[in-house]
1. How high is the relative contact order of the stretch A:25-129? Use alpha-carbon pairs under 8 Å, at least six apart in sequence, and give a whole percent.
2. Taking a 32 Å limit on the Cα-Cα distance, which of the listed pairs A:K444/A:K597; A:K66/A:K87; A:K281/A:K591; A:K236/A:K597; A:K522/A:K582; A:K236/A:K410 fall beyond it?
3. Give me the aspartates and glutamates in straight-line cross-link reach of B:K36: C-alpha distance below 14 Å, same-chain residues under 8 apart excluded.
4. Could you work out how far the C-alpha centroid of the stretch A:225-251 sits from that of the stretch A:165-182, in angstrom?
5. Would you calculate a helix-derived [θ] at 222 nm for the protein assembly as shown, using -39,500 (n - 2.57) for each DSSP H run of n ≥ 4 and dividing by the full residue count, to the nearest 500?
6. From the C-alpha gyration tensor of the stretch A:493-608, pull out the three semi-axes of the equivalent ellipsoid (sqrt of 5λ each), sorted largest to smallest, in whole Å.
7. Treating the stretch B:79-163 as a set of equal point scatterers at the Cα positions, no solvent, please give the Debye-formula log₁₀ I(q)/I(0) at q = 0.13, 0.26 Å⁻¹.
8. Over the stretch A:183-265, what lengths in whole Å, largest first, do the semi-axes of the equivalent ellipsoid take, defined as the square roots of 5 times the eigenvalues of the alpha-carbon gyration tensor?
Amino acid sequence: MAEVPPSGRFLSLPYFKDRSHRFIATLACAMLVMVCAVGWFQYEQIDRITLTSVKGKDNIVWDFYKLEILLIDYQAALREVIAHPGKRALLPTVYQDYNLFVSQIQTADIVSSGQIMNGRLSFKTAVAMAGDYIQSADIYLESEPSTLDAHVAIALLEPSIALRAALHKVVLEAYQVENFRATQSLKETRRFTFLYGVSSFFLVVLALATGILTLRRFVLNDRLQFERAELLREKKEAAEAANKAKARFLSSASHDLRQPAHALGLFMERIEQVSDDPQSKELVAHAMSAVREMQDMLDSMFDLSQLDSDSAPTKVRAFAIQDVFESLCSVLESDAATKGLRLRFRPSEVWLQSDASLLHRILLNLVSNAIRYTDRGTVLVACRPSRAGTHVRIEVRDSGIGIAAEHQDKVFQEYYQVANPQRDRRFGMGVGLSVVERCCRLLKHPLTLRSGPGAGTRITVEVPLAQSIPETECHTFSSNQMNDVRISAHVLLIEDDKMCRVALAGLLESWGYSVLAVESAKMAVEQFHTQAPPAIIISDFRLGGETNGMEAIRLLRALTGREVAACLISGDTSHEVQQLVKAAGLTLLSKPVRPGKLRSLLRHLALK
Amino acid sequence: MNIQSKLSVMKRCRPVFLSMFFGSLVLSANAQTLRKPSGTVLLTVSGLISQRNAGDAAQFDAAMLNALPASQIVTKTPWHTAAARFAGPSLKALFNAVGAKGTSFRLTAQDRYEVSIPLEDVDSFGPILALRMDAKELTIRSRGPVLLMYPFDGYAQIDTDVYYGRSVWQLISIVVE
């Protein structure tokens, strides 16, 4: 694999992934380069303008005018000599003035002003004339003269007048040159000021434009973000609404399905009792197991819909895990045996602090799942201490097909099954583990999964130990132990659904109860007067009329004047209903009712 | 070390002590009185000075300038075709002689040229009042008789128009300010 080029790596930095970020960065770089360029340009301009202004101050006029003045001084000294011939005291002045002039004119082309004027005709002429003049004058004045004749002085004065005129011409031209240079300098200054102004204006505009662009981009980003958030919110709301609708549908579907399933179960129970033919007995057994399967599915679907509604309260208390194990063992033993598996619950003495029914549900799902996905071997349930003895890890371990790593985080989703792409109904609907996950979340019990394809699966739930063990052992999970003791008692059954009523009445009668089945509270009251008072009242919670089962029971109890034993059956096991029933001190059985459970409850009620 | 040996040390050092004593006498005499010039006055120093010999000013003729401690500078200049040896008293020696107390000096030439130089120049570069060029006396014709000369070849930073402007030809007066 080739090395990623540095530029590619640079551009793939997180800051530059966004196109707009890249744009801003590029813009900023361009701005920086521009500012630098303009700054450099202005700096150069300042340099140039300073140079030109310095040049403008050179004052070359003065340099040449000074030469002229020196010559004038010399001429004045000569005139003094001419006026006072023989006065020797004047001679040093003449000598001095002459030599001053000569020393300066001889270097005129070396100094800077001379260099500026060099090449101009007036300058050349003046220098040439000065050279000629010096040649003739040096004879008398190169060294200090002892005498100077008036004629000689006149002869020296005459040509110097022409020399002065030539020098004056140089001065005039120098003035023109200087004037020109000053004008140039002024123009340069003007041009510079103009350029400086324009570039500064450009800079300001650039800065403003960048500011505005950035601001606009920010505003745009803000708006986009806001819109995105809005969109997300809408989507979330839609998803939530869909989820709610699904939960409602699930709830109502499971509720509606429970009624016929309930009836079917009851009928099947009857058929099982009445059929003697071994062939039909076998068919009935198959049908029974199918019905159980269906009821299980309905239960788990209903569990899920209830857990979805979030309001499910937890009843955390101390209880012995062994009770749960025993209950589970009795329920699942036969399933395991059917598949030829060994189901082992390692006995445990620990007491846990949790919701017993939710934990029961969790373990039921885990163990039945383990049985479902294990073809041979053992399913083991065991407790192990953890977290320095404050908690217990309940392990459900199987030797089944296992779950590949890529599926492990999905198995807790609803309707997800690993090895069931055809969605074979026999393997359940895939809601089991999601119920487990929700229950654990509700109880805040950490849930861990360790598995590999073909290596079996181990799921652990970590549950805190009970702080103290209550003295009186509370409610334990009664298994569906059939009791062969036949108890006959008068039962009043109120059920508006005809199919259920007939099925349940038949079942009850088969158990030896004498049953009076009516369809409404009103009819029950009517029948009440003609019949002997019932020992037990079984009522559907939701009756066709305005009164519900609970009110019917209250009414009937009022009529008899005593607390007749009663229980309620309902397809609607919502939280509110449970609360209501519990407040009234009644037992609520949810549809479809397991005949075994109903039987043991009735026995319990009849003996009270 | 005992007294004897101390005395012997002093004896041995006697000539040194004596010369120091007389030397200081001579120096103080020099500092106290500035004699009048006998020849043509070449340079007049005025302003913040303590030694004067002509009213407010101190005047120097060639002999007096030659009597000051002499220095030499060998350098090229823009006004001469080749490098030359300039000799004469240093500006510092002149200022010591007149007891100058200023921070800058205004120089004037015979051709009315004027320029100011700061005190730092005197200490940093040691300019001299050149009286001779290549052992020849400077004349007016050769930009003398007194020419202020900087060691242009010795310091790159003074090889500029500013210092060329400070090298005054035909210097006649210094005002200490």
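1. 22 percent
2. A:K236/A:K597
3. Filter leaves B:D56, B:D61.
4. Taking the Cα centre of the stretch A:165-182 as reference, the centre of the stretch A:225-251 is 94 Å away.
5. That comes out to -18500 deg cm²/dmol.
6. Taking √(5λ) for each Cα gyration eigenvalue gives 18, 17, 15 Å.
7. -0.44, -1.59
8. The answer is 78, 5, 4 Å, longest axis first.
Any read-out appearing in this document is the output of simple, stated calculations on the displayed coordinates, not a laboratory observation. Every value quoted in this text rests on a predicted model; they were computed, and no experiment measured them. Using ideal geometry, Cβ is built from the backbone for each residue, glycine included, and neighbour counts are taken over all protein chains shown.
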